[in-house]
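Here the structure comes first, spelled out in structure tokens, and everything after it is commentary.
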Amino acid sequence: MAAAKTHDEGAPESGLDTAREAPDASIPAVIGAKAIELVVMGLEIAAVFIRTLYYCVRGRPDLGAVVRQMFEIGNRSVVFLTVVMGFIGMILVLQGGLQVKRILPEFSMVGASYLELLIRDLAATISALMLATRVGAGIAAEIGSMVVTEQVDALRMCAADPIDYLIKPRFLASLVMTLVLVIWAAGVAMLTGMLTAYVMFDVNPRTFFNLNLVDTGDLIVGLAKCLAYGAAVPVVAGHSGLHTHGGSEGVGWATTRAVVNASLAVIVLDLILSALGYVFFGP
Amino acid sequence: MAAKKPPSAASTPPPDVGLLEEIGGGFMSAAATVGGMGLLGYQIVRRLVTLRFDRQETLRNLYRMGVKSIPIVIVTALFTGAIMVIQAAPLVVRLGAQGLLGWGAGFGILREIAPLLTALMINGRVGANNTAELGTMVVTEQIDALRVLAIDPIAFLIAPRFVAMVTTLFLSTIFADTLALLGAAYGGLGLLGVEPKTFYNGLTSGLLGLSDVTSGLVKSIVFGVVIALSSCQYGLGVKGGAPGVGRAVNATVVASAAGIFVLDYFVSFTLD
């Protein structure tokens, strides 16, 4: 996890934070403390992830909770994602077209390259960044306020693991809904991109919908990204939510931390998966 | 689940709202928010023009928003630079145009990706933070206390944040432009074997002009205004105690992210 900054504003009451604000903390000491924090947080997130996977197999089956979370994560994000991806489609084709105009006389390749880029990277990554903002903030705020009002402690008292009860349904719902939402978002972005190309550059929709450049590798990388982001966002946000402290103000910090960490997780996973895709499937 | 609903009229639905009422309510609350942001913007500008805002508070906010966001800006920019190269790689390899890599990655980074991703990250970090802070102040009646002491909350709390946020985003975007190009140059070396020198030549060969840089920077200012206005508006409008703060934080990151993308299109469209 490249979330170097997580704690800089988060929890003012953590021990490392006071160390950082000590007047004579030298720069290596600060960097060292940050590095240790980072490793600790990475391990904690990994632990949450592994326990989530364990409970997916061995936990108590609760289809109702998963379906409710699917509604929360999926249906309530549709409008937001449609607006964002619609505009992204228009922006990309507009900017791309204007640049291509400078070096190429014709636009037949714009559509093909745009579709390839969209399927391999942008549909999944931009949607996931938006979901990290919307879903991540929601998960962290919800779990965080449960922690602050001691409902999570109450769960533990009942011998129920909060990861089984709270994070697992969100994890499963997010895995499914991210995939569905990304496919929908890609469709929206293709449509608005096609309309922009038609209106601004007079590209025939038939020329635009040229899937020649899209191969199996692109599709596999795109779908792998959907799954990776769908798994990462609830785990990272749930971790922030479960580590809320400091009353109602702490919920605000936890939400911020969840959004930043989940977005960074998406960017880091994007780089890793894009590089792997490049290595395995070639350019 | 209540924490996820937008703080609109729809959050306490009467028993049998039809779809039409719900859509209408959504539009009404959106209009109220946008109108409130406009009013808030007007009030801020009035304070700024007459120089009635707290300088000390501005500097403090610049430190908290700007200096402390540097790590995320660095990480995001370096990673995105490298991602841009990977995404541009197939075109470069297919056309055998190593010299165009600098142009391809450069225009993407300078015009779109660096301003957009910096704005999204700062929105998550600073915007959400700002709403949480102002919201807590509203809930604990600290803002009313300021008014009782005859201190203008807009001049003391809001205008400094506005200035600090716009400045932060502008400077971070310049910073992110540079770092993303660096990430792209060395990503190109590691992945495609394109020398950084070739990359910089492609960048400066005349296909990219100053207008590409300024277009990105104009966007960053617009995004800064959007994030500042929406986070302050949602923060000041918090109702319903502590859970209300969580709802407001949630609503503000979503609203600013949508606003950023919508305005991105219109700014790109206007500038070309």
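Values computed for the structure shown
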quantity	calculated
Descending Cα extents along the principal axes, chain B, whole Å	65, 49, 31
GNM flexibility winner over chain A from A:Ile27, A:Ile163, A:Ile50 (Cα, springs under 10 Å)	A:Ile27
Accessible area that becomes buried as A packs against B, both chains, 1.4 Å probe, Å², nearest 100	5200 Å²
Alpha carbon convex hull of chain A, volume per residue in cubic angstrom	161 Å³
Once the Cα gyration tensor of region A:66-118 is diagonalised, semi-axes √(5λ) in Å	35, 11, 5
Under the span-like rule (Cα at least 18 Å along the axis, Kyte-Doolittle mean at least 0.5), DSSP H helices of chain A	A:27-58, A:76-103, A:168-201, A:216-242, A:247-281
Carbon/sulfur fraction of accessible area - chain B, other protein chains in place, 1.4 Å, %	71 percent
For chain B, calculated [θ]222 nm from helices alone, where every DSSP H run of n ≥ 4 adds -39500 (n - 2.57)	-25500 deg cm²/dmol
Electrostatic dipole magnitude of chain A [Cβ: Lys, Arg +1; Asp, Glu -1; Cα centre; debye, to 20]	680 debye
Estimated [θ] at 222 nm from DSSP helical runs (n ≥ 4, -39500 (n - 2.57)) normalised by residues in chain A, nearest 500	-25500 deg cm²/dmol
Karplus 3J(HN,Hα) series, Hz, for region B:52-67 with 6.51 cos²θ - 1.76 cosθ + 1.60 (x for Gly, Pro)	9, 9, 7, 5, 4, 5, 4, 5, 4, 5, 4, 5, 5, 8, x, 4
Compactness of region A:132-171 as Cα Rg over 2.2 N^0.38 Å, two decimals	1.18
Of A:Ala65, A:Ser108, A:Val48, farthest towards positive along the dipole that unit charges on Lys, Arg, Asp, Glu beta carbons give region A:36-125	A:Ala65
Occluded residues from region A:238-257, i.e. those whose accessible area drops by 40 Å² or more once the chain is not alone (1.4 Å probe)	A:Ser248, A:Trp253, A:Thr256
With every protein chain in place, chain A: carbon and sulfur % of accessible area (1.4 Å)	70 percent
Chain A, accessible area per residue, ligands and nucleic acids excluded (1.4 Å, Å²)	41 Å²
Per-bin percent of Cα-Cα distances, region A:83-174 [10 Å]	13, 30, 19, 15, 13, 7, 2, 0
Largest-first ellipsoid semi-axes for region B:91-248, taking √(5λ) over the Cα gyration tensor eigenvalues, angstrom	44, 15, 10
Per-bin percent of Cα-Cα distances, region B:211-264 [5 Å]	4, 21, 25, 18, 13, 9, 6, 3, 2, 0
Among A:Ala123, A:Ala154, A:Ala185: highest mean-square fluctuation, GNM of chain A, C-alpha pairs under 10 Å	A:Ala154
Intensity falloff of the protein assembly as shown expressed as log10 I(q)/I(0), Debye formula with alpha-carbon point scatterers, at q = 0.09, 0.11 Å⁻¹	-0.66, -1.00
Of B:Leu181, B:Leu91, B:Leu120, the one that fluctuates the most in a GNM where chain B has Cα springs shorter than 10 Å	B:Leu91
Minimum 20 Å² accessible area buried by the other protein chains, region A:98-128 residues, probe 1.4 Å, relative to alone	A:Leu98, A:Gln99, A:Arg102, A:Ile103, A:Ser113, A:Glu116, A:Leu117, A:Arg120, A:Asp121
Principal axis box of region A:139-283, alpha-carbon based, largest edge first, Å	62, 35, 21
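The values are calculated or read from the model by the stated rules, or taken from the named source; none is laboratory data. Because the structure is a prediction, the values reported are computed rather than measured. Positions of Cβ are backbone-derived with ideal geometry, glycine not excepted, and every protein chain shown enters the neighbour counts. All accessible areas refer to the heavy atoms of the entire protein, side chains included, with ligands and DNA or RNA removed. Shrake-Rupley method; radii C 1.70, N 1.55, O 1.52, S 1.80 Å.
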